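Written below as structure tokens is the structure these notes are about.
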Amino acid sequence: MTYWAVNAVFLSIVAVLGVLALVAAGVRGRAARASSSPAETSRRRRERLLGAGLATGVLLVMTAVFDNVMIGIGLVGYDAARISGVFVGIAPLEDFAYAVAALVLLPSVWVLLGGPKTPRVPAAPAAGGSTTVKEARS
């Protein structure tokens, strides 16, 4: 079995979770989009794409650096008969599938588990001053 065949199994599972997360985010986002202006929605989309692009770039560069170091010092080795023959430095291209899987899987799990929770804002004190805990209980 080649490394791409192993990657295909894991990447297909990640792809399914990614699609489920997109559907869930779309359903949850309808209400938020309905209450925001088109300019605000467009700005948020740009910010998310920029953040995702930066995270992708940083993770892929870090993967290239650390994989090349690990392979170069002999910590990790690959069977030449099972790799594609395409390299980034001395790291086979197949090794980057794990970084791509993490880039899709972690945000997908975050969305599927409910994403960020809205913080609870404490109720404002009654007019005329602040109340203490003791006063509020009586």
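The values are calculated or read from the model by the stated rules, or taken from the named source; none is laboratory data. What you see is a predicted model, and the numbers here were worked out from it, not measured in a lab. Quick reminder, even Gly has a Cβ in these numbers, built from the backbone with ideal geometry, and neighbours come from all protein chains shown.
Assorted remarks:
- Subset of region 28-84 that is among the charged types (D, E, K, R) and touching a residue at least 40 places away in the same chain (Cβ under 8 Å) - its residue that is farthest from V100 (Cα to Cα): R28
- G57, sole failed condition from (1) among the small types (G, A, S); (2) surrounded by 12 or more Cβ atoms within 10 Å (Cβ to Cβ); (3) within 18 Å of L106 (Cβ to Cβ): (2)
- Criterion (over 26 Å from the mean Cα position of the chain (by Cα), at pLDDT below 95, farther than 20 Å from A8 by Cα and in a helix (DSSP H, G or I)) met by exactly one of A124, A136, A81: A136
- The selection criterion, being modelled with pLDDT under 70 and either surrounded by 15 or more Cβ atoms within 10 Å (Cβ to Cβ) or within 24 Å of the chain's Cα centre (by Cα) (or both), does not hold for P107.
- Residue match in region 56-76 (condition: charged (D, E, K, R) and modelled with pLDDT under 95): no
- The single condition among (1) more than 30 Å from V86 (Cβ to Cβ); (2) surrounded by 14 or more Cβ atoms within 10 Å (Cβ to Cβ); (3) touching a residue at least 40 places away in the same chain (Cβ under 8 Å) that Y3 does not meet is (1).
- Residue match in region 7-29 (condition: assigned to a helix (DSSP H, G or I), touching a helix residue (DSSP H, G or I) at 6+ places or on another chain (Cβ under 7 Å), surrounded by 12 or more Cβ atoms within 10 Å (Cβ to Cβ) and charged (D, E, K, R)): no
Residue-wise test of (1) surrounded by 12 or more Cβ atoms within 10 Å (Cβ to Cβ); (2) of a type outside the set (D, E, K, R); (3) under 19 Å from W4 (Cα atoms).
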| site | (1), (2), (3) |
| --- | --- |
| E47 | no, no, no |
| L50 | no, yes, no |
| V69 | yes, yes, no |
| I73 | no, yes, no |
| R82 | yes, no, yes |
| L93 | yes, yes, yes |
| A102 | yes, yes, yes |
| P116 | no, yes, no |
